[in-house]
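Trainee: My questions will all concern the structure given below.
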Amino acid sequence: MRRLVYYVGISIDGYIAGPGNEVDFYPVGDDLVEWMKERHPELIPTHIRSQFGLTDVPNRRFDALVMGRGTYQPALDIGVTSPYSPLRQYVVSSTLASIADPSVELVTDDPVGLVRRLKAESSDKDICLAGGGKLAGTLLPEIDELLVKWYPVVAGAGIPAFQGTFNPTPFTPTRRESFRNGIQVTWFQRTHS
């Protein structure tokens, strides 16, 4: 069965963005960019793919991406309606009236049902959850793996990686890679008892 992987960048204190959706304070080094291009080229945003020579690179791990409005809105703000064009994209939002791009599907309710349907599909690729924190909190029962990019910065306030009710859910770290400027990427698998 396909897996839902929450691919997320967070500050030391657990924020995915600042209070106004800022992410420009994260220090991204060249070695991390190369790692992302090699491992997950399908997750490089559409509007910068050509700058990295990724126009015809096949998807490596994912073929579908689920995101909340907070993750989708910055793309809309710069005129990009399909921010991850190599993937089937789903935007979960109860406040968007419609999406003008036919390659992006609006999901107005039941994100858990959406993920369960995607997991049941016959595919050798996984599903990426790209955020945000509220959606990740809702989908926590369906998340099979966390792929966390830890940035060596304290945000102090902002959007937490998970928002929702108190629900301790164990995950087991399985691997870690470090980069020159202090960024660490850690893989966590859901712990099953």
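Please treat every number below as a calculation from the coordinates, not as lab data. Predicted model only: the values in this text are computed from it and were never measured. Cβ atoms come from the backbone with ideal geometry, glycine included; neighbour counts cover every protein chain shown.
Trainee: How big is the Cα convex hull of the chain in projection, averaged over all directions, in nm²?
Mentor: 11.2
Trainee: Hey, any idea what Rg/Rh is for the stretch 10-72, computing Rh the Kirkwood way over Cα pairs?
Mentor: Radius of gyration relative to Kirkwood radius: 0.98.
Trainee: Going by how many other beta carbons lie within 10 Å of each one, how would you line up Thr138, Thr174, fewest first?
Mentor: Arranged by neighbour count, lowest to highest, Thr138, Thr174 become Thr174, Thr138.
Trainee: When the distances between all Cα atoms of the stretch 113-173 are binned every 5 Å from zero, what whole-number percent does each bin get?
Mentor: Going from the shortest bin to the longest, the percentages are 4, 13, 24, 24, 19, 9, 5, 2, 0.
Trainee: Also, I was wondering about something else. Per the helix-only calculation at 222 nm, which mean residue ellipticity applies to the chain, given -39500 (n - 2.57) for every DSSP H run of n ≥ 4 and division by its residues, nearest 500 deg cm²/dmol?
Mentor: -5500 deg cm²/dmol
Trainee: Using Cβ contacts closer than 10 Å as the measure, can you line up Phe52, Phe171, Phe62 from fewest to most?
Mentor: Starting with the residue having the fewest Cβ neighbours, the order is Phe52, Phe171, Phe62.
Trainee: Could you tell me whether the stretch 1-115 comes out rounded, prolate or oblate from its Cα gyration tensor? Rule is a ≥ b ≥ c as square roots of the eigenvalues, rounded for a/c under 1.5, then prolate if a/b exceeds b/c, otherwise oblate.
Mentor: Since a/c stays below 1.5, the shape of the stretch 1-115 is classed as rounded.
Trainee: Between beta-carbons, use under 9 Å as the cut-off and find the net charge around Gln189, counting Lys and Arg +1, Asp and Glu -1.
Mentor: So the surrounding residues net to -1.
Trainee: Could you please state, rounded to a whole Å, how far the C-alpha centre of the stretch 155-176 is from the C-alpha centre of the stretch 63-91?
Mentor: When both Cα centres are located, 22 Å separates them.
Trainee: Additional query: List the residues whose amide H sits under 5 Å from the amide H of Gly68, counting only those 5 or more places along or on another chain, with H placed 1.01 Å from N in the peptide plane.
Mentor: Correct list: Val92, Gly131, Gly132.
Trainee: Okay, next question. Hey, what do the phi angles of the stretch 44-50 turn into as Karplus ³J(HN,Hα) couplings, whole Hz, using 6.51/-1.76/1.60 and θ = phi - 60°, x for Gly and Pro?
Mentor: Calculated HN-Hα couplings, in order: 7, x, 3, 5, 10, 4, 5 Hz.
Trainee: Give the lysines reachable from Lys125 as a straight Cα distance under 18 Å; neighbours fewer than 8 places away on the same chain don't count.
Mentor: Filter leaves Lys37.
Trainee: Something else about it: For Ala157 and Trp187, what does the FRET efficiency come to when R0 = 35 Å and r is the distance between their Cβ atoms, rounded to the nearest 0.05?
Mentor: For R0 = 35 Å, the calculated efficiency reads 0.80.
Trainee: When a footprinting reagent is the concern and you count Cβ atoms within 10 Å, what order do Phe162, Phe25 take, fewest first?
Mentor: By the 10 Å Cβ count, ascending, the order reads Phe25, Phe162.
Trainee: Here's another thing I want to ask about it. Can you list the lysines whose alpha carbon sits under 22 Å from that of Lys119, skipping same-chain ones fewer than 8 residues off?
Mentor: List returned: Lys134.
Trainee: Evaluate E = 1/(1 + (r/R0)^6) for Arg117 and Asp30, where r is the Cβ-Cβ distance and R0 equals 35 Å; express this FRET efficiency to the nearest 0.05.
Mentor: Working from the Cβ atoms, E equals 0.35.
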